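Asks: To start, I am sharing the structure in question, which I have written as structure tokens.
The values are calculated or read from the model by the stated rules, or taken from the named source; none is laboratory data. Treat the numbers as computed from the prediction; the structure is a model and nothing was measured. Cβ placement follows ideal geometry from the backbone for every residue including glycine, while neighbour counts extend to all protein chains displayed.
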Amino acid sequence: MLRRGRGISLFTLFGIRIVADYSWFLIVALIATSLAVGWFPTAIPHRTELAYALLGLITALFFFASVLVHELAHSVVAVRSGIPVRKITLFLFGGVAEIMREPADAGTELRVALAGPVTSAAIAAVLWTAYALMGSASARPGLRLAIQYLAMANTVLLAFNLLPGLPLDGGRVLRALIWRARGSLRRATRAASMAGKVIAGLLALAGVGFVVMAFLMGVQAREAIIPGLWFIFIALFLRQAADSSYRQVLVREALAGVAISSVMVTDPVSVPSDITLSDLIERYLLRHHYTAYPVVDGDVPLGVVSVALVKSVPRDRWRSTTVSQAMRPLTDDIALAPEDTLPTAIGKMSASGLTKLPVMRDGRLIGVVTKRDIATYLEIRSDLTG
């Protein structure tokens, strides 16, 4: 497993990187503990604590496997529709697929949005069928209880995800339908985002209600505090994500049609490919204060090197490792043309994890564009038009 950013890269499926955020380990532990001390001991007493712990952990992991399959369904449909997917992250509130751009039309949006709920419905149906077929006199009560929990969890996951507000799947379905009816992605996203905020508000009210009830009713209702707090946390997450969904569409519309040549730096500082990482740090990183540089061999561009790439090399090898060995090689995935648009640059930066990309013409380096350049352009444009 490889550490990257705020999570751990687990494996790759269908060309999509699967990442576990650090918060994911916390929620797995909480679910496993809850099952091990409550669900399983209540239904099948007189087992060892180790047996309950193993049942809880395995069930929790299978639940998140179903969450992963749900997100993979979204991702596979998106990729088949020509939309790149960088990764899927498992985290505190479930999972999220990092789809690199909005679908080009309402039909594609609807297919991508429905893929997850359809998959969850199929998983829940299979689990409920297996639970029914095993019968109450099953020789494996632990397995039957685990299947029951997973069936219930996937059913709840399905119902929650179908609520009609962004960023939930139901919100994306709503956005697709409004988009198709009104022909405007911006209006559709605004409506679905507002619906998401309403849902978040209702969840927050329900959470506050649970907490207040717990304090008013005393010890008998203290167990209501935990679900109440969860409702509040989920509501805060949904509201933030709903706002973010709308802002992303506004940013894309503001940057659409703006050429890279409008913001690129035409006289970039480049580094030779044959110097060591120690030399790179002393002569470039600490002197020019940029976090990434194009790498050249004479006049021929070879790739990009960044602080993050340097840090990926063990410190004791910095004096023996050359820039060419640590750089990200130049490919179409990280190269831009001056006529490319800013959304194209943002997509390539997100996919590559780089914040500075080279701009090429006829095989020559003519400039660079950075995430900061794009943000500054957007800020100035917003100030002038606001």
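Asks: Residues that are touching a His at 6+ places or on another chain (Cβ under 6 Å) and under 24 Å from ALA159 (Cβ atoms): which helices (runs of 4 or more DSSP H) entirely in segment 32-143 hold 2 or more of them?
Replies: Answer list for segment 32-143: 106-134.
Asks: Pick out the one residue from LEU57, LEU50 that is hydrophobic (A, V, I, L, M, F, W, C), closer than 24 Å to ALA122 by Cα and either assigned by TED's automatic domain parsing to the domain that holds PHE93 or more than 32 Å from the chain's Cα centre (by Cα) (or both).
Replies: LEU57
Asks: Quick one: in segment 296-326, of everything that is of a type in the set (A, V, I, L, M) and outside any strand (DSSP E or B), which residue is farthest from the chain's Cα centre (by Cα)?
Replies: Looking at the filtered set, the residue picked out is VAL323.
Asks: Determine which member of the set ARG372, ARG381, ARG328, ARG361 is of a type in the set (D, E, K, R), at pLDDT below 95 and surrounded by 14 or more Cβ atoms within 10 Å (Cβ to Cβ).
Replies: Values: ARG372 fails: surrounded by 14 or more Cβ atoms within 10 Å (Cβ to Cβ); ARG381 fails: surrounded by 14 or more Cβ atoms within 10 Å (Cβ to Cβ); ARG361 fails: surrounded by 14 or more Cβ atoms within 10 Å (Cβ to Cβ).
Answer to the check: ARG328.
Asks: Would you mind telling me which numbered condition in (1) free of Cβ contacts under 8 Å to residues at least 60 places away in the same chain; (2) over 21 Å from SER120 (Cβ atoms) THR189 fails?
Replies: Result: THR189 passes all but (1).
Asks: Which of the residues spanning segment 273-290 are closer than 28 Å to ASP362 by Cβ and within 35 Å of the chain's Cα centre (by Cα)? Give the derivation first.
Replies: Start the filter on segment 273-290 by keeping residues that are closer than 28 Å to ASP362 by Cβ, which leaves 273-275, 280, 284, 288, 290.
Selection gives SER273, LEU280, TYR284, HIS288, TYR290.
Asks: Check segment 267-279 and report whether any residue there is of a type outside the set (D, E, K, R), closer than 18 Å to VAL369 by Cα, free of Cβ contacts under 8 Å to residues at least 24 places away in the same chain and in the same structural domain as PRO358 (by TED's automatic domain parsing).
Replies: Scanning segment 267-279 turns up no residue that is of a type outside the set (D, E, K, R), closer than 18 Å to VAL369 by Cα, free of Cβ contacts under 8 Å to residues at least 24 places away in the same chain and in the same structural domain as PRO358 (by TED's automatic domain parsing).
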